[in-house]
Amino acid sequence: MFEKITGIWLSGGWVMIPLALLAVLIYSTGIQLLLFLRKGNIQLGHESEWTSWIYDPSQAKGRAGEIIRYTQENISESKHLRSRFEEVRQSMLHTIERRMTFLNTLVAAAPLMGLLGTVIGMLGTFAAISSGGGAETAAMVAAGISEALITTQTGLFIALPGIFLVLIIRRRKHAVEAALARIEALSLTKLKLD
C-alpha cells in the first residue's frame, strides 16, 4: 500500500513538493486560527452573564469582563462607549482578519499549483508525442498524462477542505463580532446612554 502511494506521489513530479508544503501551511494556519478562536482570549462567555456584569463590572470575569470594564471606565456619552467598542473590535479581530487573508491566499494557490503541474505534465506529453513512435514514446506520454492528472487532483484535494476550514473560521469570527455588538447594545441600553 505504501509503495503504491509513493509511486503515485512520485509520478506527480517536482510540483508535488510545493503542493505538500502548501498543504502543511494551509492546515497549520487554519488549525491555529480555530484554536485561537476556540480556546484563545476570544471567548466571551454567555449573554445571560453579560447583563449582570454590565450593571456591576467588578463582578465580570474573563475576556468579556475585561471588555466591559474597559468600555465603561469614565464614560459619559454613547459616542465614547462606541469608540471604545470599536477599539476592542480592531484589537481582537485585526489579527484574525490578517491571518484569514493569508489562509484564503494559500487555499486559492493550491488549485493553481496543481494547474502548473498539469501544464508541465502536458508539455512532457507533447514532447513525447513529437519524438516519434514506439514503446518509449508511449511510456513518456503515459508519464506526462499521469503527472498532469495527479497534480490537478492533489491541488483540488488540498483546496476543497481548505475552503471548508475558511468557512468555519469565518463563522466563528462572525460569532465573536455578533457577541461584541450584543455587549455594546446591552451596555448602551443598561447605562441609558444615547
Hey, among the residues in region 11-29 that are part of a helix (DSSP H, G or I), more than 14 Å from Leu156 (Cα to Cα) and small (Gly, Ala, Ser), which one's modelled with the highest pLDDT?
Ser28
Does Leu34 satisfy being surrounded by 12 or more Cβ atoms within 10 Å (Cβ to Cβ) and at pLDDT 85 or above?
yes
When Phe164 is run through (1) touching a helix residue (DSSP H, G or I) at 6+ places or on another chain (Cβ under 9 Å); (2) among the hydrophobic types (A, V, I, L, M, F, W, C); (3) more than 30 Å from Ile54 (Cβ to Cβ), the failure sits at (1)
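If you take the residues of region 143-194 that are basic (Lys, Arg) and part of a helix (DSSP H, G or I), which of them is farthest from the chain's Cα centre (by Cα)? Break it down into steps so the answer makes sense when it comes.
Kept after step one, since they are basic (Lys, Arg), are these residues of region 143-194: 170-173, 182, 190, 192.
With part of a helix (DSSP H, G or I) added as a condition, the list becomes 170-173, 182, 190.
Values: Arg170: 8, Arg171: 11, Arg172: 11, Lys173: 11, Arg182: 25, Lys190: 36 Å.
Among those residues, the one meeting the criterion is Lys190.
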So which helices (runs of 4 or more DSSP H) are wholly in region 36-142 and hold at least 2 residues that are touching a residue at least 60 places away in the same chain (Cβ under 8 Å) and in contact with an Asp or Glu (Cβ under 8 Å, 6 or more places away or on another chain)?
62-72, 78-130
Can you pull out the residues in region 67-87 that are under 27 Å from the mean Cα position of the chain (by Cα) and surrounded by fewer than 18 Cβ atoms within 10 Å (Cβ to Cβ)?
Glu86, Glu87
Considering only residues that are in contact (Cβ under 8 Å) with a residue 24 or more places away in the chain and surrounded by fewer than 17 Cβ atoms within 10 Å (Cβ to Cβ), which ones fall in region 150-160?
Gln153, Leu156
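The values are calculated or read from the model by the stated rules, or taken from the named source; none is laboratory data. For clarity, every value in this text was computed on a predicted model and none was experimentally measured. Methodologically, a virtual Cβ is constructed for each residue, glycine included, from the backbone with ideal geometry; neighbour enumeration extends over all protein chains shown.
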